[in-house]
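Engineer: Let me begin by handing over the structure; questions about it come next.
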Amino acid sequence: MNILLATSEAVPFAKTGGLADVCGALPIELARLGHSPAVIMPAYRKTAYCGQTIEPMGIDFIVPIGSKMVTGHLLKSSLPKCDVPVYLVRQDNYYDRDELYGADGKDYIDNCERFVFFSRAVLEAVRLLDLPVDVIHANDWQTALVPAYLKIEYHAVPRYEQIATLLTIHNMSYQGRFWHWDMLLTGLDWKYFNWRELEFHGKLNLLKAGMVFADSINAVSPRYSQEIQTEPLGCGLESVLQYRRNVLSGILNGIDRKQWNPAVDPHLAANYDADSVGQGKPICKAALQEELGLPEAADVPLIGMVGRLIDQKGVDLVAKVIQQWVQTADAQWVILGTGEPEYHDLFATLAQRFPQKVAVQLEFSNPLAHRIEAGADMFLMPSRFEPCGLNQLYSLMYGAVPVVRATGGLADTITDFGDSSPGAAPPNGFSFREYAPQALSETLNRACDAYRRPDLWAKLVDTGMRQDWSWARSAKQYVELYQETRSRDWGLGIGAKLKIEN
Ligand code: ADP
């Protein structure tokens, strides 16, 4: 099967979060399974420094954006150590900027225009590159217009008729909502600006466009695919998803084992696997403590956290619990992340006041993220919601026992230490349900109690490290979904169907 993955980020070209990990790893597994994937994404400024060779193709194109005609160029590269092609759409006015989506905490004001352009470029690239495509796999709001353009503008064009579309929702809370006049930028007829299609409370909603027009939709975990059909995690679009529930499913993300594997990880002080974790992990823990200026205490539980410091990640709970714990508990905290200024201030102050217990790095550092997974005894993810979550999967592999809130992908992957219900997977971590500091604190206490019983703890670590969360597993499910998607005949999409029914 020929799959064109349209995305706004992919490792190693550009990354702000898990979306990039998925789009960098899934195509490699698809190729390994005998399929022919290709990736298409914007050529940002930082893309030039990704370490991969990028070559111009000598192919220019022009698409309408509102009343303008805008030119773009196609560049070609490939994913590392394989021949999966990556096509980069160059348009320097839109993408030659420091960041992907915004700077100084504010989105770029022309984000709608930037991704309308990119979505049109994806469809033009199919023709210009003479690409055989069975399925276009769109991801999140940035590429959600692709299924709409395909159904509305290209459905009768030879070579496009057979293309099916899948939209993957990585995070419902980012929908690409813009003021209604941006409808003009899309070039689509105003008749599509209605509550069944592109309109959402008077605004243009790009994610909704994809949800309405894609042949299939999936979320990045089975639990999250259920949660987004209800309030509050549907973020206002729950009824659209309920309506499309027959084509909505959930597939967990996987681990890119080339990037994340403690047995060969070049960032670690010692390499180890499930058999040698007892020797390797203490070395990594001591090295992490030394690197961050914490006392080298082998027996004190070290709690790690890596991620965006925003409310979604439960940072408000951590902020409350850590202030209490530094006064009363014998534990060390290592926090790596960037996000909301109030959390930067709070964590930086705590690190200053309690240097024996708290180490904080307010930056984006991939090598340090690896060393935290290897050095931490426990890994904290008390998310308010979590579409899939990758860090808990890395933690399992690195023998850092996850302490999570049971939501979305965290609920699908982490079985609580105390869960002995029939059919439950073997315990591999600690989880709690109620979104409250007290619940997090109690769960951390349970984890610390277990940590003091070495045999028990070793069993927990061993269970997690031997589980298979590789992309190989998830890629097979995507292949099945692509096949199902191709066999679906949605004609002109749900919008048209709803009109017929009414
Ligand atoms: P999300 O996509 O919501 O940010 P995920 O857990 O799915 O959360 O993926 C986050 C990815 O980004 C992981 O690979 C994680 O290691 C990485 N990451 C997030 N913040 C940082 C940071 N400050 N430094 C290094 N890596 C980070």
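Engineer: Looking for something in contact (Cβ under 8 Å) with a residue 40 or more places away in the chain and more than 16 Å from the ligand (Cβ to nearest atom) - is there at least one such residue anywhere in region 15-27?
Structural biologist: So far as region 15-27 goes, yes, one or more of its residues are in contact (Cβ under 8 Å) with a residue 40 or more places away in the chain and more than 16 Å from the ligand (Cβ to nearest atom).
Engineer: Now a separate question. Which of the residues that make up region 72-82 are in contact (Cβ under 8 Å) with a residue 24 or more places away in the chain and either among the acidic types (Asp, Glu) or open to solvent by 50 Å² or more (accessible area, probe 1.4 Å) (or both)?
Structural biologist: Listed by number, the list holds a single entry, 81.
Engineer: Could you tell me which of the residues 200, 213 is over 15 Å from residue 39 (Cα atoms) and buried (at least 24 other Cβ atoms within 10 Å of the Cβ)?
Structural biologist: Result: 213 is the single residue among 200, 213 that is over 15 Å from residue 39 (Cα atoms) and buried (at least 24 other Cβ atoms within 10 Å of the Cβ).
Engineer: Across region 330-369, what is the total count of residues that are over 26 Å from the mean Cα position of the chain (by Cα) and among the polar types (S, T, N, Q)?
Structural biologist: 4
Engineer: Would you be able to say whether some residue in region 402-418 is under 23 Å from residue 140 (Cβ atoms), acidic (Asp, Glu) and at pLDDT 95 or above?
Structural biologist: Within region 402-418 (the criterion being under 23 Å from residue 140 (Cβ atoms), acidic (Asp, Glu) and at pLDDT 95 or above), the answer is yes, since at least one residue qualifies.
Engineer: In region 339-391, how many residues are in a helix (DSSP H, G or I) and either closer than 24 Å to residue 326 by Cβ or among the hydroxyl-bearing types (Ser, Thr, Tyr) (or both)?
Structural biologist: Here the count works out to 21.
Engineer: If residue 406 satisfies all but one of (1) closer than 24 Å to residue 466 by Cβ; (2) crowded, with 22+ Cβ neighbours inside 10 Å; (3) small (Gly, Ala, Ser), what's the number of the condition it fails?
Structural biologist: With (1) closer than 24 Å to residue 466 by Cβ; (2) crowded, with 22+ Cβ neighbours inside 10 Å; (3) small (Gly, Ala, Ser) applied to residue 406, the lone miss is (2).
Engineer: In region 165-193, what residues are touching a residue at least 60 places away in the same chain (Cβ under 8 Å) and away from the ligand (no atom under 16 Å from the Cβ)?
Structural biologist: Correct list: 165, 166, 176, 178, 182, 184, 185, 186, 187, 192.
Engineer: Which of (1) in a helix (DSSP H, G or I); (2) of a type in the set (Asp, Glu); (3) farther than 26 Å from residue 68 by Cα does residue 124 not meet, given it meets every other one?
Structural biologist: (3) is the only condition that residue 124 fails.
Engineer: Let me ask you something else. Applying the selection to region 394-440, what residues are part of a helix (DSSP H, G or I) and over 15 Å from residue 223 (Cα atoms)?
Structural biologist: Within region 394-440, 394, 395, 396, 397, 398, 437, 438, 439, 440 qualify.
Engineer: Would you pick out the residues in region 446-467 that are open to solvent by 50 Å² or more (accessible area, probe 1.4 Å), in a helix (DSSP H, G or I) and in contact (Cβ under 8 Å) with a residue 24 or more places away in the chain?
Structural biologist: 446, 458, 462
Engineer: Check every one of the helices (runs of 4 or more DSSP H) wholly within region 203-267 and list those with 2 or more residues that are touching a Gly at 6+ places or on another chain (Cβ under 6 Å) and of a type outside the set (Phe, Trp, Tyr).
Structural biologist: Filter on region 203-267 gives 206-213, 222-227.
Engineer: Just to be sure before I move on: is residue 121 assigned by TED's automatic domain parsing to the domain that holds residue 481, modelled with pLDDT under 95 and away from the ligand (no atom under 16 Å from the Cβ) in the structure I sent?
Structural biologist: In short, no.
Engineer: Oh, and also: Consider residue 86 against the criteria (1) open to solvent by 10 Å² or more (accessible area, probe 1.4 Å); (2) of a type in the set (Val, Ile, Thr); (3) more than 16 Å from the ligand (Cβ to nearest atom): it satisfies all of them except one. Which criterion is unmet?
Structural biologist: So the condition that residue 86 fails would be (1).
Engineer: Among the residues of region 106-121, what is the count of those that are without any contact (Cβ under 8 Å) to a residue 40 or more places away in the chain and either touching an Asp or Glu at 6+ places or on another chain (Cβ under 8 Å) or not aliphatic (A, V, I, L, M) (or both)?
Structural biologist: 4
Engineer: Next up: Can you tell me which of 374, 400, 369 is within 13 Å of the ligand (Cβ to nearest atom), in the same structural domain as residue 321 (by TED's automatic domain parsing), touching a Cys at 6+ places or on another chain (Cβ under 7 Å) and touching a residue at least 12 places away in the same chain (Cβ under 8 Å)?
Structural biologist: On the way: 400 fails: touching a Cys at 6+ places or on another chain (Cβ under 7 Å); 369 fails: touching a Cys at 6+ places or on another chain (Cβ under 7 Å).
After ruling out the rest, the residue left standing is 374.
The values are calculated or read from the model by the stated rules, or taken from the named source; none is laboratory data. Bear in mind the structure is a predicted one, so any value in this text is a computation, not a measurement. No Cβ is skipped: glycine too gets one built from the backbone with ideal geometry, and neighbour counts run over all protein chains shown. We work out accessible area using only protein heavy atoms, side chains counted, and drop any ligands, DNA or RNA first. Shrake-Rupley method; radii C 1.70, N 1.55, O 1.52, S 1.80 Å.
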